[in-house]
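To start, the structure under review is shown below, and the notes come after it.
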Amino acid sequence: MARKKHRGRFQAQGDGLEESESWNQDEPLTKKGGLSLLNKLKSKLSSKDRKMREQQFEDAERFIKGVKGGIRSPERKTFQDRKTKDVRVDIEVWSGFAFVAITFLILVLLWKML
């Protein structure tokens, strides 16, 4: 797969688990797209592993929803269990932008067309 301008990954790790969901695309990842990938990652986990990371997934979702104007790479945000420090959910933006509002993306596309 060729590298695109906007890339990154969501990960669920700790307690023997390492599962991820990544993106690699020409346009910035929208908030809606980010939430969809986060939910896709969550659906890959067993009910036990989901339960162990319930708070971390909620924190990651709140973070994505709260981003104003998108975030620029490189950026890494970790949401970990305060007790174990091992069980966690990570958001990594390797290149480009992520979590832009869809209206921003539409404006960028219209600007490119001019």
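The values are calculated or read from the model by the stated rules, or taken from the named source; none is laboratory data. Source: prediction; values computed, not measured. A quick note on method: Cβ atoms are made from the backbone with ideal geometry, for glycine too, and the neighbour counts reach across all protein chains shown.
I need the full set of residues from the stretch 22-64 which are of a type in the set (Phe, Trp, Tyr) and within 26 Å of residue 83 (Cβ to Cβ), in order please. Give the steps one after another, and end with the answer.
Of the residues in the stretch 22-64, the ones of a type in the set (Phe, Trp, Tyr) are 23, 57, 63.
Passing the criteria: 57, 63.
Restricting the search to the stretch 41-94, which residues are of a type in the set (S, T, N, Q), assigned to a helix (DSSP H, G or I) and either within 16 Å of residue 6 (Cβ to Cβ) or over 15 Å from the mean Cα position of the chain (by Cα) (or both)?
Across the stretch 41-94, the qualifying residues are 47, 55.
Being surrounded by fewer than 17 Cβ atoms within 10 Å (Cβ to Cβ), among the small types (Gly, Ala, Ser) and either within 19 Å of residue 9 (Cβ to Cβ) or touching a strand residue (DSSP E or B) at 6+ places or on another chain (Cβ under 6 Å) (or both) is the filter here, so list the residues in the stretch 52-100 that pass it.
Matches in the stretch 52-100: 73, 95.
So which of 15, 49 is modelled with pLDDT of 95 or more, surrounded by 13 or more Cβ atoms within 10 Å (Cβ to Cβ) and among the acidic types (Asp, Glu)?
Details: 15 fails: modelled with pLDDT of 95 or more.
49 is the lone residue from the list that is modelled with pLDDT of 95 or more, surrounded by 13 or more Cβ atoms within 10 Å (Cβ to Cβ) and among the acidic types (Asp, Glu).
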